[in-house]
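Chemist: Handing you this structure, nothing more for now.
The values are calculated or read from the model by the stated rules, or taken from the named source; none is laboratory data. These figures come from a predicted structure and were not determined experimentally. For neighbour counting, all protein chains shown are included, and Cβ atoms are generated from backbone atoms with ideal geometry for every residue, glycine included. All accessible areas refer to the heavy atoms of the entire protein, side chains included, with ligands and DNA or RNA removed. Shrake-Rupley method; radii C 1.70, N 1.55, O 1.52, S 1.80 Å.
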Amino acid sequence: MTQSTTAAPALERQGSIELPRSEAFAVRDRVALGTSFGAFTVTYVGPNFLRLFGDERVEAQPPRDVHHLRLAEWTDDAALAPSLPHDASLADLFAVLELGPDGPGEFVGESNTVYRSADGGRWTPHFYTRGNRLGFGALPFGDAVGWEPGDVFLAGAGS
C-alpha cells in the first residue's frame, strides 16, 4: 500500500554542522564490501548505487556547512524535495558517515539521504546501518515506498 502526501512534510530541522575538509576519493573504493567506517562494515551496496555513483570520483572538499533535517512523518519525494533549501553532495553524505554516531547522521536503521541528478533523472543516494552493518542504496525520485519517520536528509547551506 502506498501513501500520498499533499501537505508539506514535517521536517524537523536539527541544525547545521560544519563538515571537516575531506580528501578526494573514488566512490567504488569507499563502498567496497568489507570496508570499515568506524564500528560499521559495508555489507551491502545496491546495484543502483554502484551503477549511478560507483565510478564517480569525489573531489577534495573544504570545510562546509550543511543542514540536517529529520523526518517526523512518512512522506514522499514530491512533497519533501521542495522543502530542502539546497541539495547536498555525495561528499557531504560520506563526511556525515565518517563522523559516525557523534555527528548529525542516523545510525540506528534509518536512511541518511541526499538528492542527486544522475543518468538523466533524480536519485536519492543514501546509507543506513543495521547493527554494525552498513549499506548503501539509491532510489529513483518518486519511488512509491517513500521515506519514514527518523530518516535524515542533508541539505547544503547554499550561498
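Chemist: Is there a residue in region 86-95 that is at pLDDT below 95 and over 21 Å from Leu50 (Cα atoms)?
Modeler: Checked region 86-95: at least one residue is at pLDDT below 95 and over 21 Å from Leu50 (Cα atoms).
Chemist: Please find, within region 50-65, the residue that is surrounded by the most Cβ atoms within 10 Å (Cβ to Cβ) out of those that are among the hydrophobic types (A, V, I, L, M, F, W, C) and within 23 Å of Pro140 (Cα to Cα).
Modeler: Within region 50-65, the first condition is being among the hydrophobic types (A, V, I, L, M, F, W, C), and the residues that meet it are 50, 52-53, 58, 60.
Next, from what is left, pick out any that are within 23 Å of Pro140 (Cα to Cα): 50, 52-53, 58.
Working: Leu50: 15, Leu52: 20, Phe53: 22, Val58: 20.
By that ranking, first place goes to Phe53.
Chemist: Here's another thing I want to ask about it. Considering every residue within region 119-133, establish whether at least one is touching a Leu at 6+ places or on another chain (Cβ under 7 Å) and assigned to a loop (DSSP other than H, G, I, E, B). Step through it out loud before you land on a result.
Modeler: To start, the set of residues in region 119-133 that are touching a Leu at 6+ places or on another chain (Cβ under 7 Å) comprises 119, 123-125, 127.
Adding the requirement that they be assigned to a loop (DSSP other than H, G, I, E, B) leaves 119.
Yes.
Chemist: Follow-up question, since we're still on this one. Quick one: count up the residues across region 22-49 that are touching a residue at least 40 places away in the same chain (Cβ under 8 Å), open to solvent by less than 50 Å² (accessible area, probe 1.4 Å) and closer than 18 Å to Val96 by Cα.
Modeler: Residues flagged as touching a residue at least 40 places away in the same chain (Cβ under 8 Å), open to solvent by less than 50 Å² (accessible area, probe 1.4 Å) and closer than 18 Å to Val96 by Cα within region 22-49 amount to 10.
Chemist: Determine which single condition Pro9 fails, assuming it passes every other condition in (1) crowded, with 16+ Cβ neighbours inside 10 Å; (2) at pLDDT 95 or above.
Modeler: If we test Pro9 against (1) crowded, with 16+ Cβ neighbours inside 10 Å; (2) at pLDDT 95 or above, just (2) comes out false.
Chemist: Could you please find all residues in region 20-35 being of a type in the set (Lys, Arg) and closer than 15 Å to Gly46 by Cα? Steps first, please.
Modeler: Residues of region 20-35 that are of a type in the set (Lys, Arg), as a first pass: 21, 28, 30.
Once the filter is applied, which keeps residues that are of a type in the set (Lys, Arg) and closer than 15 Å to Gly46 by Cα, region 20-35 yields Arg28, Arg30.
Chemist: If we scan region 61-75, do we find a residue that is in a strand (DSSP E or B), within 17 Å of Pro125 (Cβ to Cβ) and over 15 Å from the mean Cα position of the chain (by Cα)?
Modeler: yes
Chemist: Quick check on my filter: what residues within region 98-119 are within 15 Å of Ser16 (Cα to Cα), acidic (Asp, Glu) and either touching a residue at least 24 places away in the same chain (Cβ under 8 Å) or buried (at least 20 other Cβ atoms within 10 Å of the Cβ) (or both)?
Modeler: Glu106 - this is the single residue of region 98-119 that is within 15 Å of Ser16 (Cα to Cα), acidic (Asp, Glu) and either touching a residue at least 24 places away in the same chain (Cβ under 8 Å) or buried (at least 20 other Cβ atoms within 10 Å of the Cβ) (or both).
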